[in-house]
Amino acid sequence: MSASEDGGTRPRRRMLLAGAALVIAVNLVAHFLPPERASVAPDDYGGVATVRRLGVPAVVHVALADRERPLSRLFVVAQALVVGVDADRGRWLILAASTLQALAALAFLSAFLDSHRLALAATVLYVVLPMTIEIHHTPIYANIDVAIALYASSAAAFLHHLRRPRWWLAATSAVLYAAAVLWYEIGFLLPVLLLAVTRARFPERWRACLPLFAIAAMAAAYRLSAHTSDPYAHAVGINARPLLTLVHHYLGLFLLRTVSYGLFCFGRLPPGWMAAAVVLDVLLVTLVVRVTRGRDGGAPSADAAAARTTFVLSAVAFAVFVLPMFLQRQGGIAGRHLALPSLAVAAVAALALDRRRPRALAAVVAMGLVVAQGSAWAQVGACRINRALFEALRAKAPELVRGERVVVDLASFTEAIPSTWIDLPFDRLNTYYGAQAFEEWGTQSMVTIVAGDRPVLFAVEHPVASADGRWLFPEGQGLGSRSHFSVRPQAVPRAGTVLVGFHDAFPSGFGGWGSGGLRVGDGRGNHARDPLRGVAVAERLARIPSRPPLLEGGDAARDGLRFVADQPVGSAGERLQPFRGLAQGEAGRAQQVGLLLHAAGVGEDGAGLALKAEHRQIGLGRHEADRAARAQARGGKAAAGARVEGHHRRTGQRGQSFEETAEALGVVHVLLSMEGREVVRAGT
């Protein structure tokens, strides 16, 4: 839109300022209502712990030596020093960074679409797209927001340079692009897009792209010349793994999860905030439709030709911004990686909706606002949970300093805090209705910040105190990832172990937020309600079976750990094996009557040998009852000892190893396996 068509330069500037103000308002209402972040993200705790452990000079040296993202790592170091674990500073940082990113998107789309009206509609759609919600939640993503702003601003400056050549615009574009490629590689192929735009709209000016290609070549040479042992270098290669993830983000399960949880959590907003959200949403949708209504004044045929060109260039933009994820030998695609490709998605959506009635745009923007606000409320809950855990660790600081290890009773949190519609074995509050909550590295970093380095173990079921002074529990590893999740039996001395559970973090219940100093609504002790208006805490806890620690001389057969019933590991295909339920049920029943080694009486000396398991193949059309489980179910210490002694007398092989004797009698532990995939490990 030219200055003359718009009534002069000054009115056009006023329109740009009004559009920028509207974009800022949409960003605020969509992602920061209510404007609360009680905690920073797990990665933020990790950054602070690393800086404290290594010291500033060391982490700065590591950042500068990184050939992949040196500026990004310097930014994270500065963030750890300035923001630290201060949630208020973190909120201001992510608010400022996301606003910068939204304005940079507006600048790029204004130049790319060559229409302020369409650019404003596209930017509003971009801000509320479900697949980019992740980057608005926690301070660690400020780093990604800045990288996106650098790429978008570089492209905007270059496109304006094509229209009205100015040396300073070309220089600005080059400097911003150089900073961006040293910050984060997601927009590395930006010069390819700018060349495509130039060839389509200004074919005689294609040489203007050469400086950007020169910068890209130097950046590639710098990165690829890194020593092969560089721990930060991502190997270049062909990676097909992101393809399925990409489909899920835009058309599949990830999109469905985000939209479903967003709508669900929006319905659980406190009444006051919900009323404010509805009023502001109606106001913003009305303004967006009113400002973006109308035509640009060109001939219909010219508008149609321009639209076709823009559709093609948008497809090129999407491919260019996605391709770097497929050129790395390892890795996948997360929401933060889709922030640049989604610029093209927003442009296409704006063009498509522009051909329909304004009601279509209003409906899409309204839906996007509601989903974003619900997701923001889920993030509020996730941050409160992290804050409560951190405060519980700080309250236990004297114990942590004296202790040798920390055991986090994840089962106590997952039983008391509703956080998902689908119970996944590997998600032990790793997400709170889709928002990142507990992460292994985050909790480990919290402990490091409070008391220094200590081993942190994650109990996926309640730890049980044994008669010989140990905590027995199944330890989960690779939490949050279906492919890396595993469970192994763990036994640690109670002496020197600090146990942290739900009631340490929430002494007044999930609604009271006593540990974090936060109170919500009608929160009063254990009668408080979930801040997302769930069932009262007292009612919910009453339905949770009590599992007190096993006392000295307790009954291990009664209070033994459940390693089997809900701990599947492996692909979805494995879970369809016909005998899986039968095998798990049998093993579970055997464990309930004394499958633990000390209950079967094999003794401490034989424990290590007895852990050598028999493998059973499940799903081959054959299933035999495990005689080892039956022997253990029948045996106590006296019975097992008598059987071993009797076997020796009968065979005359007193020199026979314990392992051979145990296998002959069937007094061994069971390891179920399917096609080489671990399903269960049982033992002490």
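The values are calculated or read from the model by the stated rules, or taken from the named source; none is laboratory data. Note that the structure is predicted; figures quoted are calculated from it, not measured. Cβ sites come from the backbone with ideal geometry, for glycine too, and all protein chains shown count toward neighbours. Heavy atoms of the whole protein, side chains included, go into the accessibility calculation; ligands, DNA and RNA do not. Shrake-Rupley method; radii C 1.70, N 1.55, O 1.52, S 1.80 Å.
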Response to the item:
The one condition ALA178 fails out of (1) open to solvent by 60 Å² or more (accessible area, probe 1.4 Å); (2) farther than 28 Å from ALA306 by Cβ; (3) at pLDDT 90 or above is (1)
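To keep it simple, each residue is scored yes or no on (1) within 22 Å of SER314 (Cα to Cα); (2) assigned to a helix (DSSP H, G or I); (3) of a type in the set (Val, Ile, Thr).
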site: TRP168; (1), (2), (3): no, yes, no
site: ALA178; (1), (2), (3): no, yes, no
site: TRP183; (1), (2), (3): no, no, no
site: VAL192; (1), (2), (3): yes, yes, yes
site: ALA196; (1), (2), (3): yes, yes, no
site: GLU204; (1), (2), (3): yes, yes, no
site: LEU212; (1), (2), (3): yes, yes, no
site: ALA219; (1), (2), (3): no, yes, no
Worksheet item: If you check ALA495 against the conditions, is it of a type outside the set (Val, Ile, Thr), open to solvent by 30 Å² or more (accessible area, probe 1.4 Å) and out of contact with any Lys or Arg (no Cβ under 7 Å at 6 or more places or on another chain)?
Response: yes
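Count, please, the residues in segment 384-413 that happen to be touching a Phe, Trp or Tyr at 6+ places or on another chain (Cβ under 9 Å) and either among the β-branched types (Val, Ile, Thr) or touching a residue at least 60 places away in the same chain (Cβ under 8 Å) (or both).
14
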Worksheet item: Just for segment 249-296: of the residues that are in a helix (DSSP H, G or I), touching a Leu at 6+ places or on another chain (Cβ under 7 Å) and modelled with pLDDT under 90, which one is most open to solvent (accessible area, probe 1.4 Å)?
Response: VAL291
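Evaluate the following for ALA495: is it assigned to a loop (DSSP other than H, G, I, E, B) and in contact (Cβ under 8 Å) with a residue 60 or more places away in the chain? So that I can check it myself, show each step before the final result.
Values: assigned to a loop (DSSP other than H, G, I, E, B): yes; in contact (Cβ under 8 Å) with a residue 60 or more places away in the chain: no.
Answer is no for this residue.
Conditions tested, residue by residue: (1) modelled with pLDDT of 90 or more; (2) of a type in the set (S, T, N, Q).
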| residue | (1), (2) |
| --- | --- |
| LEU389 | yes, no |
| GLY403 | yes, no |
| GLU415 | no, no |
| THR420 | no, yes |
| ASN430 | no, yes |
| GLY442 | yes, no |
| ASP453 | no, no |
Fill in: Restricting segment 162-174 to residues that are among the small types (Gly, Ala, Ser) and open to solvent by 30 Å² or more (accessible area, probe 1.4 Å), the residue that is farthest from LEU194 (Cα to Cα)
ALA171
Practice prompt. Can you give me the number of residues within segment 12-58 that are open to solvent by less than 10 Å² (accessible area, probe 1.4 Å), assigned to a helix (DSSP H, G or I) and among the hydrophobic types (A, V, I, L, M, F, W, C)?
Written response: 5
Item to complete: State which residue is farthest from GLY262 (Cα to Cα) when the search covers only segment 349-360 and only residues that are surrounded by fewer than 23 Cβ atoms within 10 Å (Cβ to Cβ) and of a type in the set (Gly, Ala, Ser).
Response: ALA352
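Would you confirm whether or not segment 334-348 contains a residue that is more than 21 Å from the chain's Cα centre (by Cα), under 28 Å from LEU313 (Cβ atoms), free of Cβ contacts under 8 Å to residues at least 12 places away in the same chain and open to solvent by 10 Å² or more (accessible area, probe 1.4 Å)?
Our first condition is that a residue be more than 21 Å from the chain's Cα centre (by Cα); within segment 334-348, this holds for 343-348.
From the residues that got through so far, the ones that are under 28 Å from LEU313 (Cβ atoms) too are 343-348.
After this cut, where a residue has to be free of Cβ contacts under 8 Å to residues at least 12 places away in the same chain as well, the list is none.
Scanning segment 334-348 turns up no residue that is more than 21 Å from the chain's Cα centre (by Cα), under 28 Å from LEU313 (Cβ atoms), free of Cβ contacts under 8 Å to residues at least 12 places away in the same chain and open to solvent by 10 Å² or more (accessible area, probe 1.4 Å).
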Item to complete: Take the residues in segment 127-175 that are of a type in the set (Phe, Trp, Tyr) and under 30 Å from VAL82 (Cα atoms), then tell me which one is nearest to the chain's Cα centre (by Cα).
Response: TYR141
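Answer yes or no as to whether ARG470 is open to solvent by 10 Å² or more (accessible area, probe 1.4 Å) and more than 21 Å from PHE426 (Cβ to Cβ).
Yes.
Restrict the check to segment 361-374 and report whether at least one residue is modelled with pLDDT under 90, open to solvent by 20 Å² or more (accessible area, probe 1.4 Å) and not in a loop (DSSP other than H, G, I, E, B). Break it down stepwise before answering.
Applying the first criterion (modelled with pLDDT under 90) to segment 361-374 yields none.
No: zero hits.
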Worksheet entry | Residues (open to solvent by less than 10 Å² (accessible area, probe 1.4 Å) and of a type in the set (Val, Ile, Thr)) located in segment 134-161 | ILE135, THR138, ILE144, ILE148
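Based on what the data block shows, is ARG67 outside any helix (DSSP H, G or I), more than 30 Å from LEU313 (Cα to Cα), touching a residue at least 40 places away in the same chain (Cβ under 8 Å) and open to solvent by 10 Å² or more (accessible area, probe 1.4 Å)?
Values: outside any helix (DSSP H, G or I): yes; more than 30 Å from LEU313 (Cα to Cα): yes; touching a residue at least 40 places away in the same chain (Cβ under 8 Å): yes; open to solvent by 10 Å² or more (accessible area, probe 1.4 Å): yes.
Criteria met by ARG67.
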Worksheet item: Restricting to segment 403-439, what's the tally of residues that are crowded, with 21+ Cβ neighbours inside 10 Å and part of a strand (DSSP E or B)?
Response: 7
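Out of segment 81-98, which residues are of a type in the set (A, V, I, L, M) and open to solvent by 20 Å² or more (accessible area, probe 1.4 Å)? Spell out the reasoning first.
Filtering segment 81-98 down to residues of a type in the set (A, V, I, L, M) leaves 81-83, 85, 87, 93-97.
Correct list: LEU81, VAL82, VAL85, LEU93, LEU95, ALA96.
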